[in-house]
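Visitor: Below is one structure. I have some questions about it.
The values are calculated or read from the model by the stated rules, or taken from the named source; none is laboratory data. Just so it is clear, the model here is predicted, and its values are computed rather than measured. Here the Cβ positions follow ideal geometry from the backbone for every residue, glycine too, while neighbour counts run over all protein chains shown.
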There are 2 protein chains.
Amino acid sequence: MLLSKACIYGVRASLYMSLVYQKDRYISIREMSEKLNISFHFLTKILQQITHAGLMHSYKGPNGGINLSKDPNEITIIKIVDAIDGMAVFTECVIGLPGCGRNKPCPLHEKWAVARQELQDMFENTTLHEMAISSKKLNLRLSDELSIEELMI
Amino acid sequence: MLLSKACIYGVRASLYMSLVYQKDRYISIREMSEKLNISFHFLTKILQQITHAGLMHSYKGPNGGINLSKDPNEITIIKIVDAIDGMAVFTECVIGLPGCGRNKPCPLHEKWAVARQELQDMFENTTLHEMAISSKKLNLRLSDELSIEELMI
DNA sequence: TATATTTAAGACAAATTAGTCTTTAATAAA
DNA sequence: TTTATTAAAGACTAATTTGTCTTAAATATA
Ligand code: SF4
Ligand code: SF4
């Protein structure tokens with residue numbers, strides 16, 4: 001598995017956030033957890049990591065919740081990944097040898113270094129906005145149960 | 001982490017095996033575990049998975065051990081990965097949604113499907129032999145401690 | 001045959017990741 | 001000011017992965 005469960009949930013929640021994004025409108029974690037079928041408390045902790053990274057803001061009390069700290073077209077997926085799993089996936093060795101790049105490289109290096117970079121580029125060049133657009137257009141799925149159309153009713 | 005620890009150790013051990021490969025010569029797991037700095041019992045279980053997949057043979061008793069069931073140039077890395085972690089990495093969704101491809105695809109699909117395929121190609125098109133050759137040539141590292149030159153003394 | 005060497009098998013323990021629950025703090029609105 | 005609503009914090013449990021240990025089975029060789 002490339003990304004941890006926590007990270008995966010973080011990405012899904014971010015996508016949901018950008019689908020319903022309106023400046024100054026807070027989305028409750030409870031609502032999101034139910035729509036996306038993710039444990040409420042687990043999602044809360046994941047979103048805390050994301051807010052600590054400065055990508056979202058939270059607000060307590062009635063009508064409180066979470067909102068994106070910038071427009072979805074200014075947030076790339078890699079920021080979400082970084083906030084939760086860190087950048088290790090994009091820097092570490094496929095076969096787990098320490099000190100990649102610093103000392104002599106290991107056998108798989110030539111091919112892995114390329115693939116790794118492509119993965120990083122993919123996350124780096126995809127914004128939440130871009131994904132939200134194509135999601136809506138194609139009525140793609142964001143939870144295991146519901147398509148985006150069903151999700152946003 | 002793309003591959004599990006078990007899988008990573010399996011790949012490292014396979015590389016070691018192909019570096020010292022001689023038809024009908026068994027390598028003891030003890031020796032390998034010490035050279036590669038991997039827990040002996042853990043490595044034993046990993047190699048069992050690989051032998052069950054038919055990629056290696058084992059032999060008990062004095063001068064027993066493990067050997068590759070085919071020439072290293074007939075074994076691709078993906079076979080090792082498959083034997084331990086399975087093929088899920090190459091088929092599953094980045095954001096963990098079930099039923100990829102069968103129903104409607106999810107937002108990241110277009111980019112991920114390409115990256116995923118490239119990763120699979122990389123493992124599919126790299127043989128143990130190929131890696132062993134370039135490893136020797138460049139004196140690359142296979143354990144966190146020793147380069148291949150030091151390893152094979 | 002007896003002994004030493006080696007893998008096989010499986011119980012067990014430790015570490016990490018995933019997920020749950022309870023209590024506290026902040027805020028809005030009645 | 002009281003109550004309801006929401007996120008924050010942290011203790012706790014469950015599941016999975018990683019790693020250890022002990023015993024059994026197979027084999028070579030003395
Ligand atoms: S040089 Fe490449 S293959 Fe080697 S340790 Fe680094 S990432 Fe891995
Ligand atoms: S279609 Fe692509 S992005 Fe969607 S679930 Fe499948 S792999 Fe993932």
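Visitor: Would you be able to tell me the number of residues in the stretch B:38-64 that are hydrophobic (A, V, I, L, M, F, W, C), outside any helix (DSSP H, G or I) and closer than 19 Å to B:Glu74 by Cα? Talk me through it step by step, then tell me what you get.
Guide: Going through the stretch B:38-64, the residues hydrophobic (A, V, I, L, M, F, W, C) turn out to be B:38, B:40, B:42-43, B:46-47, B:50, B:53, B:55-56.
Now drop any that are not outside any helix (DSSP H, G or I), which leaves B:38, B:53, B:55-56.
With the extra rule that they be closer than 19 Å to B:Glu74 by Cα, the set shrinks to B:53, B:55-56.
The total comes to 3.
Visitor: Could you say whether any residue in the stretch B:87-104 is out of contact with any Lys or Arg (no Cβ under 7 Å at 6 or more places or on another chain), away from chain A (no Cβ under 14 Å), within 26 Å of B:Leu119 (Cβ to Cβ) and away from DNA strand C (no atom under 13 Å from the Cβ)?
Guide: Among the residues of the stretch B:87-104, not one is out of contact with any Lys or Arg (no Cβ under 7 Å at 6 or more places or on another chain), away from chain A (no Cβ under 14 Å), within 26 Å of B:Leu119 (Cβ to Cβ) and away from DNA strand C (no atom under 13 Å from the Cβ), which makes the answer no.
Visitor: Kindly check whether there is at least one residue in the stretch A:15-24 that is under 26 Å from A:Glu149 (Cα atoms), among the charged types (D, E, K, R) and either touching a strand residue (DSSP E or B) at 6+ places or on another chain (Cβ under 9 Å) or away from ligand 1 (no atom under 16 Å from the Cβ) (or both). Talk me through it step by step, then tell me what you get.
Guide: Here is the first cut: in the stretch A:15-24, the ones under 26 Å from A:Glu149 (Cα atoms) are A:15-24.
Add one more test, that the residue is among the charged types (D, E, K, R), and what stays is A:23-24.
Then keep just the ones that are either touching a strand residue (DSSP E or B) at 6+ places or on another chain (Cβ under 9 Å) or away from ligand 1 (no atom under 16 Å from the Cβ) (or both); that gives A:23-24.
Checked against the condition, which is being under 26 Å from A:Glu149 (Cα atoms), among the charged types (D, E, K, R) and either touching a strand residue (DSSP E or B) at 6+ places or on another chain (Cβ under 9 Å) or away from ligand 1 (no atom under 16 Å from the Cβ) (or both), the stretch A:15-24 yields at least one hit.
Visitor: I've got another one for you. Would you be able to tell me the number of residues in the stretch A:96-153 that are touching a Cys at 6+ places or on another chain (Cβ under 7 Å) and away from ligand 1 (no atom under 16 Å from the Cβ)?
Guide: Going through the stretch A:96-153, the residues touching a Cys at 6+ places or on another chain (Cβ under 7 Å) turn out to be A:97, A:100, A:106, A:140-142.
From what's left, away from ligand 1 (no atom under 16 Å from the Cβ): A:140-142.
Final tally of qualifying residues: 3.
Visitor: Would you be able to say whether some residue in the stretch A:111-128 is within 10 Å of another protein chain (Cβ to nearest Cβ) and at pLDDT below 90?
Guide: yes
Visitor: Moving on to the next point. Which residues, counting only those in the stretch B:1-37, are among the polar types (S, T, N, Q) and either in a loop (DSSP other than H, G, I, E, B) or within 13 Å of DNA strand C (Cβ to nearest atom) (or both)? I'd like the intermediate steps shown before the answer.
Guide: Residues of the stretch B:1-37 that are among the polar types (S, T, N, Q), as a first pass: B:4, B:14, B:18, B:22, B:28, B:33, B:37.
Within the stretch B:1-37, B:Ser4, B:Gln22, B:Ser28, B:Ser33, B:Asn37 meet the criteria.
Visitor: Inside the stretch A:135-153, can you point out the residues that are more than 16 Å from the chain's Cα centre (by Cα), in a helix (DSSP H, G or I) and within 8 Å of chain B (Cβ to nearest Cβ)? Please lay out each step first, then the result.
Guide: Of all residues in the stretch A:135-153, those more than 16 Å from the chain's Cα centre (by Cα) come to A:136-140, A:144-153.
From what is left, the residues that are in a helix (DSSP H, G or I) are A:136-138, A:148-151.
Hit for the stretch A:135-153 is A:Leu138, nothing else.
Visitor: A:Gly96 fails exactly one of the following numbered conditions: (1) away from ligand 2 (no atom under 16 Å from the Cβ); (2) out of contact with any Ser or Thr (no Cβ under 9 Å at 6 or more places or on another chain); (3) in a helix (DSSP H, G or I); (4) of a type outside the set (S, T, N, Q). What is the number of that condition?
Guide: Only one criterion in (1) away from ligand 2 (no atom under 16 Å from the Cβ); (2) out of contact with any Ser or Thr (no Cβ under 9 Å at 6 or more places or on another chain); (3) in a helix (DSSP H, G or I); (4) of a type outside the set (S, T, N, Q) is unmet by A:Gly96, namely (3).
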